[in-house]
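The values are calculated or read from the model by the stated rules, or taken from the named source; none is laboratory data. Computed from a predicted model, the values in this text were never measured in an experiment. Positions of Cβ are generated from backbone atoms using ideal geometry, with glycine treated the same way; all protein chains shown enter the neighbour counts.
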């Protein structure tokens, strides 16, 4: 792991000519940019949802004085009217059983809840629209895909992680594709991984890797105290693209402007816009 002090990422942009978002870019590139915003936003909220659900689930086990399973998987599924449920799966070797579910009502904001400094033992105090239930039922076929995908991606010998800690992961179904993400993570609350995430395209059952794309050139792992006065983060794009979903994720996670510098001299600024991210060309 390489630890970077963000000496060069504090950037104030003054006097830049701002071009419209579609200036000088062919439609396929603009389509990739729109997809990156969509995927990055979904990636961020699914990852926040799983992180919050895990904290609540483990707190519920402690409250009930139930020992944690040796192996634990989880899956996120949409439910009626825009809500989600995170199901926790145990005993995968015996077919997989769900023994706990955390529900997110439509509009529930896991990121706001996590940032509130909530106590998972009393999450209802600061986390609206979230509930937990202990259940015992067989895992569904869709839920088992998550467990298979996790093992497929984490077992990939070409996966490059930027920390020694267990990574986060999530799945997104997009245009009949099963996209898996592995996000380098740190158990140290004072450390943030800015770059170190990988996208996979998987078979529908999650057992085969169809393609792999690291969404970073170099690991970027920083201590939060070194970014306290940061106003923006500047990073390099990959290849010809304007930016990818990792940059969108970074914008939402850090709540800072992210400026992506391309190989052809362009610069694109990403800014948080409500619950999503907007972008514009700086030059």
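Tabulated values for the structure
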read-out	value
Region 130-160 - residue that is out of contact with any helix residue (DSSP H, G or I) (no Cβ under 9 Å at 6 or more places or on another chain) and more than 20 Å from residue 72 (Cα to Cα) and, of those, surrounded by the fewest Cβ atoms within 10 Å (Cβ to Cβ)	157
Identity of the residue in region 161-173, out of contact with any helix residue (DSSP H, G or I) (no Cβ under 8 Å at 6 or more places or on another chain) and in contact (Cβ under 8 Å) with a residue 12 or more places away in the chain, that ends up surrounded by the most Cβ atoms within 10 Å (Cβ to Cβ)	162
Residue list for region 84-108, restricted to those being without any contact (Cβ under 8 Å) to a residue 40 or more places away in the chain and surrounded by 12 or more Cβ atoms within 10 Å (Cβ to Cβ)	84, 85, 86, 88, 90, 91, 99, 101, 103, 105, 108
Condition broken by residue 187, with the remaining ones in (1) loosely packed, with under 14 Cβ neighbours inside 10 Å; (2) under 16 Å from the mean Cα position of the chain (by Cα); (3) modelled with pLDDT of 90 or more satisfied	(3)
Every residue from region 103-141 that is assigned to a strand (DSSP E or B) and over 24 Å from residue 65 (Cα atoms)	104
Tally of residues being closer than 21 Å to residue 41 by Cα and touching a strand residue (DSSP E or B) at 6+ places or on another chain (Cβ under 6 Å) across region 154-176	6
Where residue 151 falls short, out of the listed (1) touching a strand residue (DSSP E or B) at 6+ places or on another chain (Cβ under 8 Å); (2) farther than 29 Å from residue 275 by Cβ	(1)
All strands (runs of 3 or more DSSP E) inside region 211-277 with 3 or more residues being modelled with pLDDT under 80 and more than 20 Å from residue 34 (Cα to Cα)	none
Cβ-Cβ under 8 Å pairs, at least 6 apart or on other chains, region 56-69 side within 13 Å of residue 131 (Cβ to Cβ), far side part of a loop (DSSP other than H, G, I, E, B) and at pLDDT below 90	60/134
Out of 202, 220, 252, sole residue that is under 19 Å from the mean Cα position of the chain (by Cα), closer than 19 Å to residue 45 by Cα, buried (at least 20 other Cβ atoms within 10 Å of the Cβ) and touching a residue at least 24 places away in the same chain (Cβ under 8 Å)	252
Candidates 78, 106 - the one that is under 28 Å from residue 251 (Cβ atoms) and within 18 Å of the chain's Cα centre (by Cα)	78
Test set (1) in contact with a helix residue (DSSP H, G or I) (Cβ under 9 Å, 6 or more places away or on another chain); (2) on the phi < 0 side of the Ramachandran plot; (3) part of a loop (DSSP other than H, G, I, E, B) - residue 70 fails condition number	(1)
Flag if residue 182 is crowded, with 20+ Cβ neighbours inside 10 Å and in a strand (DSSP E or B)	yes
